[in-house]
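Asker: Take this structure, written in structure tokens, and hold onto it; I'll ask about it next.
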Amino acid sequence: MSEPWGDTDRIRRVLAECGTWAVVGLADHPHRAAYGVARFLQQHGKRIVPVHPDAETVLGEQGYPTLADIPFPVDCVDVFRRSEAAGQFADEAVAIGAKAVWFQLDVLDERAHDRATAAGLDVVMDRCPAIEWAANGPRAGR
């Protein structure tokens, strides 16, 4: 049996239904993975919101120091932080009313997964939306 956080239906739902993505750890560093993934999401019609302590403007979008500082609804919280910090962002995603939380490759926290899913969020872990898009994104061949 595969892990519940890699469920194909859940991945498809998050990619299709989440329009606004808060990208935790996104700064104006084009060589970093968060920047490339955020640009990919933006190019595929998603609104990205940089979440970084420096609150930089990235890819033309205003950044915010924390998820709680974002003054509008967020659909998905995309986490580019180590596994040890993942739980904090899962809890913050629940607190701001996000629909989903997406932990990037190598980011795993089963307790965070359990808390967020118990609160009704879709949770994807150890996956990258840019990689998943071809097979599971909107309009992907099925």
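The values are calculated or read from the model by the stated rules, or taken from the named source; none is laboratory data. Here the structure is a predicted model, which means the values were calculated and not measured. Methodologically, a virtual Cβ is constructed for each residue, glycine included, from the backbone with ideal geometry; neighbour enumeration extends over all protein chains shown.
Asker: Across segment 100-142, what is the number of residues that are closer than 23 Å to HIS44 by Cα and not β-branched (Val, Ile, Thr)?
Answerer: Counting residues in segment 100-142 that are closer than 23 Å to HIS44 by Cα and not β-branched (Val, Ile, Thr) gives 24.
Asker: Turning to a different aspect of this structure: Looking only at segment 53-102, which residues are of a type in the set (D, E, K, R), assigned to a loop (DSSP other than H, G, I, E, B), within 13 Å of VAL23 (Cβ to Cβ) and without any contact (Cβ under 8 Å) to a residue 40 or more places away in the chain?
Answerer: Hit for segment 53-102 is GLU56, nothing else.
Asker: Here is a list: THR20, THR66, THR8. Which entry is over 28 Å from ARG139 (Cα atoms) and polar (S, T, N, Q)?
Answerer: Going through THR20, THR66, THR8 in turn, just one is over 28 Å from ARG139 (Cα atoms) and polar (S, T, N, Q): THR66.
Asker: So LEU26 ticks every box in (1) part of a helix (DSSP H, G or I); (2) under 15 Å from the mean Cα position of the chain (by Cα) but one. Which box is left unticked?
Answerer: All conditions pass for LEU26, except number (1).
Asker: Any idea which of (1) more than 21 Å from ASP122 (Cβ to Cβ); (2) modelled with pLDDT under 95; (3) in contact with a strand residue (DSSP E or B) (Cβ under 6 Å, 6 or more places away or on another chain) is the one GLU61 doesn't satisfy?
Answerer: (2)
Asker: Give me a count of the residues in segment 64-114 that are charged (D, E, K, R) and in contact with an Asp or Glu (Cβ under 6 Å, 6 or more places away or on another chain). Show your work before the answer.
Answerer: Applying the first criterion (charged (D, E, K, R)) to segment 64-114 yields 69, 75, 78, 81-82, 84, 91-92, 99, 106, 109-111, 114.
When the remaining residues are screened for being in contact with an Asp or Glu (Cβ under 6 Å, 6 or more places away or on another chain), the result is 99.
Looking only at that region, the number is 1.
Asker: Quick test of your reading of the structure: ASP78 fulfils all but one of (1) buried (at least 17 other Cβ atoms within 10 Å of the Cβ); (2) of a type outside the set (A, V, I, L, M, F, W, C); (3) in contact with a Phe, Trp or Tyr (Cβ under 8 Å, 6 or more places away or on another chain); (4) more than 16 Å from ALA27 (Cα to Cα). Name the failing condition by number.
Answerer: Status for ASP78: all satisfied but (4).
Asker: Within segment 87-110, identify whether any single residue is farther than 24 Å from GLY36 by Cα, in contact with a strand residue (DSSP E or B) (Cβ under 6 Å, 6 or more places away or on another chain) and surrounded by fewer than 24 Cβ atoms within 10 Å (Cβ to Cβ), and answer yes or no. If you could, list the steps in order and put the result at the bottom.
Answerer: Within segment 87-110, the subset farther than 24 Å from GLY36 by Cα is 91, 94-97, 110.
If we keep only those that are in contact with a strand residue (DSSP E or B) (Cβ under 6 Å, 6 or more places away or on another chain) too, we end up with none.
Within segment 87-110, none of the residues are farther than 24 Å from GLY36 by Cα, in contact with a strand residue (DSSP E or B) (Cβ under 6 Å, 6 or more places away or on another chain) and surrounded by fewer than 24 Cβ atoms within 10 Å (Cβ to Cβ).
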